[in-house]
1. Looking at region 22-161 only, what percent of DSSP beta bridges run antiparallel? Nearest 5 please.
2. Please provide three numbers in whole Å: the alpha-carbon extents of region 61-158 along the principal axes, with the largest listed first.
3. Just to be sure I understand: of the beta bridges DSSP finds with both ends in the chain, what percent are antiparallel, rounded to 5?
4. Run a plain Debye calculation on region 108-266 (Cα atoms as equal point scatterers, no solvent) and give log10 I(q)/I(0) at q = 0.08 Å⁻¹, rounded to two decimals, same order as the q list.
5. For A160, list long-range residues whose amide hydrogen, built 1.01 Å from N in the peptide plane, is under 5 Å from its own amide hydrogen.
6. Keeping every protein chain present and rolling a 1.4 Å probe, give me the accessible area per residue for region 162-223 in Å².
7. By the gyration tensor of its Cα atoms, with a ≥ b ≥ c the square roots of the eigenvalues, what is the shape of region 172-216: rounded for a/c under 1.5, prolate for a/b over b/c, or oblate?
8. Among DSSP beta bridges lying fully in region 36-97, give the percent that are antiparallel, nearest 5.
Amino acid sequence: MERGAPSSGELLEIAVGLARDAAATAYRMRAEGVSVAATKSTVTDVVTAADRAVEMQVLDALRRLRPADAVLGEEYGAGDTEVGADGVRWILDPIDGTVNYLYGLPHCAVSLAAEVDGEVVAGVVRNVITGEEWTATAGGGAWRDGERLRCSTETDLGQALVATGFGYDPKRRAHQARVVAELIPHVRDIRRLGAAALDLCLAAEGRVDVYYEKGLAAWDQAAGALVATEAGMLVAGLGGRPAGPDLVIAAPPALFAPLHDRLADLDASGGP
Ligand code: LIP
């Protein structure tokens, strides 16, 4: 960590404060009524006024608190190669699970991670509706509401509850559905909850055993992946690659290889 960079604890404190304010704004705007402001990659890839308002709120606050830092946000981007003077970049998903938010399903969250010199060192995921809050720092463990988290101890893939998701592109969805159809006879069951950041946090505390998904952006998984890792999970892609848009796999050590190999056989990182 470069001299002058704040500690991961200091970055987490900033992240938690901003995430709580952001979640409060998203909650209020939901109560006031929410509608689709625009669509992005496909007609089902929606953005609401709340996604934009929350991102602007966090961006403005970071510009006040840490003007030299870079911010990569889902809605306004910011040129993801820029980092600030002391190597800090923030990675923000203002509302992960936007479709759930639109439909009023209580599985949507503000996700904010702090990266120093390319390594995510602090992260918070706050459920907008339930108020549940997961936090982690690199080497400092994963926590929810003051309780230290440990992932599932399941060792049999056949008994594993698997969370996963589908993209917005119909061709990709068809490929992902084929993978799920082939996988489902070999696991306990599948859960499609609709927000990667929360899915990773639920996996971190064993409310599902494993999670995988193709097509995630950095903002979908940065904070949740740190929470999962600090709870004892292995979080990676296929073939020794890091977790990324090709595939994110999060599993306890005993389940990582069997899940990895099954997903590799099913070409889970392939398709459109
Ligand atoms: C969502 C992810 C989810 C995925 C959805 C979507 P968004 O992010 O969190 O895991 O299955 O297709 O990408 O669009 O709500 O920020």
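The values are calculated or read from the model by the stated rules, or taken from the named source; none is laboratory data. All of these numbers come straight from a predicted model, not from anything done at the bench. We work out accessible area using only protein heavy atoms, side chains counted, and drop any ligands, DNA or RNA first. Shrake-Rupley method; radii C 1.70, N 1.55, O 1.52, S 1.80 Å.
1. Numbers: 30 of 34 bridges.
If I count the DSSP bridges inside region 22-161, around 90 percent turn out antiparallel.
2. Extents along the principal axes: 46, 36, 28 Å.
3. Values: 36 of 45 bridges.
Roughly 80 percent of the DSSP beta bridges within the chain come out antiparallel.
4. -0.20
5. For A160, the qualifying residues are R188.
6. It amounts to 37 Å² per residue over region 162-223.
7. Oblate is the answer for region 172-216, as a/c is 1.5 or above yet b/c matches or exceeds a/b.
8. Taking every DSSP beta bridge within region 36-97, about 50 percent pair in antiparallel fashion.
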